[in-house]
Amino acid sequence: MKKFDKIFFSNTIISWQKKYGRHMLPWQNTKNTYYIWLSEIMLQQTQVNTVIPYYQRFLKKFPNIMSLAQAKLENVMELWSGLGYYSRARNLHICAKLVFFKYNGIFPKNFISLINLPGIGQSTASAIRVFAYGKRNAILDGNVKRILIRVLGINCSLNIKFIEKKLWRYAIDLLPKKNIEIYTQGLMDFGSIICKKIKPKCKVCPLQLCCISYKTNKINNFLIKNKKNIKNCSIIMFIVIDDDYVLFQKRSNKGIWGGLLSFPEWILKDKIINFVDNNLKNLIELEIKKFISSFGFIKNYLILPIISHKLTHLQFKIVPCHIFLKKCFLKENKNNFIWYPIKKIKNSPIPAPVRKILFQIIQR
């Protein structure tokens, strides 16, 4: 990295972190690998303020690797409900079992062994080694990528995989010889507080002297613009409530909301809901009658206001259909269908939009 003062960069980050960085987060000031690993998994693609209450509740229920490894997956999913990216929770549970039974409850120090554990990528493995073992490893989360791209003026019109490899080389090359923990935390805090994606605080940024995007007045030109292929679909959700029980269906472990409880549904891929279309209304009514025939006799149904929900690569419309039964058959749980007591909903493993719909119905 010619013509770039690496020592100035790392020293600036360290000095800034000591004075302005975050020092009292729940997972800081500890060498407990379980605490550090848990926080790093939760912080993947999720903001600190969102993670804190989940992290605290999780530790209260599962205070160590043994308690998590011996827990049932549904109990883990319950606590994760609302945090999103549910594959993280499933990998967390599998990883806990592996660490407990294969490594006697101690996370391996070896980088290759760490990265081979479920849910732990290169950056997460590096963060665990840095904060738990004081090892000199580079991280490359979203905040760090943004800082390096802006400061070094990296051309983001190139292939994203090529840029990623380039950033890893820079991240490793910029590592200081001392204060690795302060530096690593400093990069994450600096990207979150100063070098923000929107409205970065360039006027108070101590890296002005070496930041190419600031010098060229092109602060937003050096960001990777991800072209996401967002799919659209509509989901008809069947809400059946009878005698303080609601009918749920356990979702498969793959796909969105994997392993959670949700309303039974009918998916209309790439179709736009339009209730002016009588054909569509008739189709929905047929689906309701066909679905409900296994659970009881239908009295009436009510189509509730449409809810829009967006995930990383999926944008969909949820059409809640509240179905009223004239007579309910025996409430037996079978074929992944579960009659769930409403009084236990508060701590149930259900997706955020499902919880929202259900609470609205209960309040009404």
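The values are calculated or read from the model by the stated rules, or taken from the named source; none is laboratory data. Model, not experiment: these values are computed from the prediction. Don't worry about glycine lacking a Cβ; one is built from the backbone with ideal geometry, like all the others, and counts go over all protein chains shown.
With respect to L223, determine if the residue is under 27 Å from the mean Cα position of the chain (by Cα), in contact (Cβ under 8 Å) with a residue 60 or more places away in the chain and not assigned by TED's automatic domain parsing to the domain that holds I139. The answer is yes for L223.
Every condition in (1) under 28 Å from G255 (Cβ atoms); (2) of a type in the set (G, A, S); (3) modelled with pLDDT under 95 holds for A96 except the one numbered (3). Among the helices (runs of 4 or more DSSP H) confined to the stretch 142-222, the ones with at least 1 residues that are surrounded by 17 or more Cβ atoms within 10 Å (Cβ to Cβ) and among the aromatic types (F, W, Y) are located at 160-173, 180-193, 212-215.
Residues in the stretch 46-57: is at least one assigned to a loop (DSSP other than H, G, I, E, B) and at pLDDT below 95? Yes, the stretch 46-57 contains at least one residue that is assigned to a loop (DSSP other than H, G, I, E, B) and at pLDDT below 95.
Got a sec? Which strands (runs of 3 or more DSSP E) wholly within the stretch 253-364 have at least 1 residues that are modelled with pLDDT of 75 or more and either of a type in the set (F, W, Y) or more than 30 Å from R57 (Cα to Cα) (or both)? It comes to 265-269, 296-303, 314-328, 337-341.
Please indicate, with yes or no, whether at least one residue in the stretch 19-33 is surrounded by fewer than 20 Cβ atoms within 10 Å (Cβ to Cβ), in the same structural domain as V130 (by TED's automatic domain parsing) and either among the β-branched types (V, I, T) or in contact with a strand residue (DSSP E or B) (Cβ under 8 Å, 6 or more places away or on another chain) (or both). Scanning the stretch 19-33 turns up at least one residue that is surrounded by fewer than 20 Cβ atoms within 10 Å (Cβ to Cβ), in the same structural domain as V130 (by TED's automatic domain parsing) and either among the β-branched types (V, I, T) or in contact with a strand residue (DSSP E or B) (Cβ under 8 Å, 6 or more places away or on another chain) (or both).
Looking across the stretch 206-243, just one residue is at pLDDT 85 or above and on the phi > 0 side of the Ramachandran plot, and that is N217. Residues that are in a helix (DSSP H, G or I) and β-branched (V, I, T) within the stretch 29-45 comprise T33, I36, I41, listed in sequence order.
When the residues of the stretch 304-329 are filtered to those that are of a type in the set (V, I, T) and surrounded by fewer than 16 Cβ atoms within 10 Å (Cβ to Cβ), the one that is farthest from I256 (Cα to Cα) is I306.
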